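The values are calculated or read from the model by the stated rules, or taken from the named source; none is laboratory data. In this text the structure is predicted, and so the values were computed from the model without any measurement. Every residue, glycine among them, receives a Cβ derived from its backbone with ideal geometry; neighbour counts consider all protein chains shown. When the accessible area is computed, the model is the full protein with side chains, heavy atoms only, and any ligands, DNA or RNA have been set aside. Shrake-Rupley method; radii C 1.70, N 1.55, O 1.52, S 1.80 Å.
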Amino acid sequence: MKRVGIGYLMQECNTFSPLATDLTDFGLLMGDELVERWRGTRTEVGGFLDVLRGRDIEAVPMFAGWAITKGRILAGEFARLKKLVTYSARTASALDGMLLALHGGMCAEGEDDAEGALLEALWSVTGGIPICLTLDLHANLTDRISRLADVVIGYRTYPHVDMYETGTSAGERLLRILAGEPRPRTVMRKLPMIVPGENMQTASGPMAEIWRYGEQLQRPEILSFSVFGVQAWLDIDEMGCAIATVTIGDEGEARTFCDAVARRFWDLRREFDVALLTPAEAIREALATEGQPVVLSESSDSPTAGSPGDSADMLRALLEHAPGVPSAVWLRDETAAERAWQAGIGARLSLELGGTHDRVNRRPVAVEAGVCALSDGRFVMTGSQYTGMQTTMGRAAVLRVGAVTVLVGSLPAPNIDPELYRSQGIEPSQKKIVVVKSANAFRAEYGPFAAKMLLVDTPGISSANLRSVPYKRVPRPIYPLDEM
């Protein structure tokens, strides 16, 4: 019986974030704990396990962990992580192949290409066995990753609703290799370009056009191709969007394919530009919109893009421009959460909310708040992304500030799923305005019931205005920072 190692390690870093990453952020599980935690989830690991089930293949769980986006992993913590990962592969012994799910945007102190370094470490202890790797659509694909992995498959959707299917695709490809089919290669083409995520949705717009163009060019020897729009807030040397193919044919033809799709990507680069509204403009449009909720995206403070989540800018704007309008805002403020817990439900507090971590872009807002509810902040994602995954916003409090319901957490948390609010007794559909700190992923979950969705421009370390981001190390020239 052949043995396949299973690994999952997911974090999308933001090198501008003031928050460093350590191992505790990943909730790392080793061995059989992986299966207990991830089987049945609509994630890559769930796909891996389902593909191997019932085959003459033994799934060997190695490691699994997911961390909210923050800054670089501390150097000592990354050294520990590499040791844990290689130890899990070494003790698994006699593996015939590996299925790995990584993000492709992970960075550590002194190591821009953290996933490449992990692949290199795994390669050194497994003897060059076939590796089928899945990556996020926002991965920064590097030469090292494409050389070490036989198969690289990225998500085809944004919002990312095909994590499970991406995992099953990688699993099926590995089964073909283990059955004796030719071992494929991954060929890539980098572009001197970065684009904001707000217009990167794959159901329509420029990214959908790139996928359609690639599908028209695809030939049988091109087993699959991926379009990597890259996570924009990485100030690293080997930075840029990329096209990758998995091929069993002539490498030159694969490169020609990559070049053609990359050219189409380049030609559409300006189509990714984002129209942003000031907070006041967005609120006025929301109030003029029939129905509810109107969802306001404050992507510059998105925790899943590496921002601390501590912006009170939209709360301030709602209190000024929409007094008396039922609204909901989430923000991270561990001091406010702790004070609410100490005071208890029913208490009234004078608080300064926000601006606790990003002191360059954020200012706190002074409020009088009533404490409505308290919880440990744990919730399970129930939408079409990360379905079944458990997460937490840390110790949490629901506060009432005028007509605004403010959900305060002590940890950064993904804002893509309405369950963030619903888990704390807040129903978004009953609010006229709901603020989410997410660039695009929220659309999959809020789209089916939102009256309208608007993008708001506030300062922050995950701003869609890329020309305002203080890049120092990205290769130059690069679009949109330079005229090309």
Study note, to complete from the structure: Pairing a residue in region 198-220 that is at pLDDT below 90 with any residue that is not polar (S, T, N, Q), where Cβ atoms lie under 6 Å and the two sit 6 or more apart in sequence or on different chains, gives 198/274; 198/439; 198/455; 198/464; 199/205; 199/272; 199/274
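Open to solvent by less than 20 Å² (accessible area, probe 1.4 Å) and either assigned to a helix (DSSP H, G or I) or of a type outside the set (Asp, Glu) (or both): is that true of residue 275 in this structure?
It is false that residue 275 is open to solvent by less than 20 Å² (accessible area, probe 1.4 Å) and either assigned to a helix (DSSP H, G or I) or of a type outside the set (Asp, Glu) (or both).
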Exercise for review: Pull up region 104-113, narrow it to residues that are charged (D, E, K, R) and in a loop (DSSP other than H, G, I, E, B), then point me to the one that is least open to solvent (accessible area, probe 1.4 Å).
Suggested key: 113
**Study point:** Positions within region 1-12 being assigned to a strand (DSSP E or B) and either among the hydroxyl-bearing types (Ser, Thr, Tyr) or open to solvent by less than 30 Å² (accessible area, probe 1.4 Å) (or both), in sequence order
**Key:** 4, 5, 6, 7, 8, 9, 10
Review point. Within region 349-357, is there a residue that is hydroxyl-bearing (Ser, Thr, Tyr), open to solvent by less than 20 Å² (accessible area, probe 1.4 Å) and modelled with pLDDT of 95 or more?
Key: no
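Of the residues 117, 139, 170, 101, which is surrounded by fewer than 24 Cβ atoms within 10 Å (Cβ to Cβ) and either among the aliphatic types (A, V, I, L, M) or not in a loop (DSSP other than H, G, I, E, B) (or both)?
Exactly one of 117, 139, 170, 101 is surrounded by fewer than 24 Cβ atoms within 10 Å (Cβ to Cβ) and either among the aliphatic types (A, V, I, L, M) or not in a loop (DSSP other than H, G, I, E, B) (or both), namely 117.
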Practice item. Only residues in region 182-194 that are farther than 21 Å from residue 129 by Cα and without any contact (Cβ under 8 Å) to a residue 40 or more places away in the chain count as the first member; pair them with residues that are aliphatic (A, V, I, L, M) and assigned to a loop (DSSP other than H, G, I, E, B), Cβ under 7 angstrom, at least 6 apart or cross-chain, and list the lot. Key: none
Practice item. Just give me the residues in region 156-167 being of a type in the set (Phe, Trp, Tyr) and open to solvent by less than 30 Å² (accessible area, probe 1.4 Å), in sequence order. Key: 158
Revision key, fill the gap. When region 234-261 is checked residue by residue, the ones that are surrounded by fewer than 21 Cβ atoms within 10 Å (Cβ to Cβ) and assigned to a helix (DSSP H, G or I) are 251, 252, 253, 255, 256, 259, 260
Point to revise | Unique match (being of a type in the set (Ser, Thr, Tyr) and open to solvent by 30 Å² or more (accessible area, probe 1.4 Å)) among 21, 15 | key: 15
**Study point:** Residue list for region 403-443, filter: open to solvent by 10 Å² or more (accessible area, probe 1.4 Å) and outside any loop (DSSP other than H, G, I, E, B)
**Key:** 419, 422, 429, 430, 443
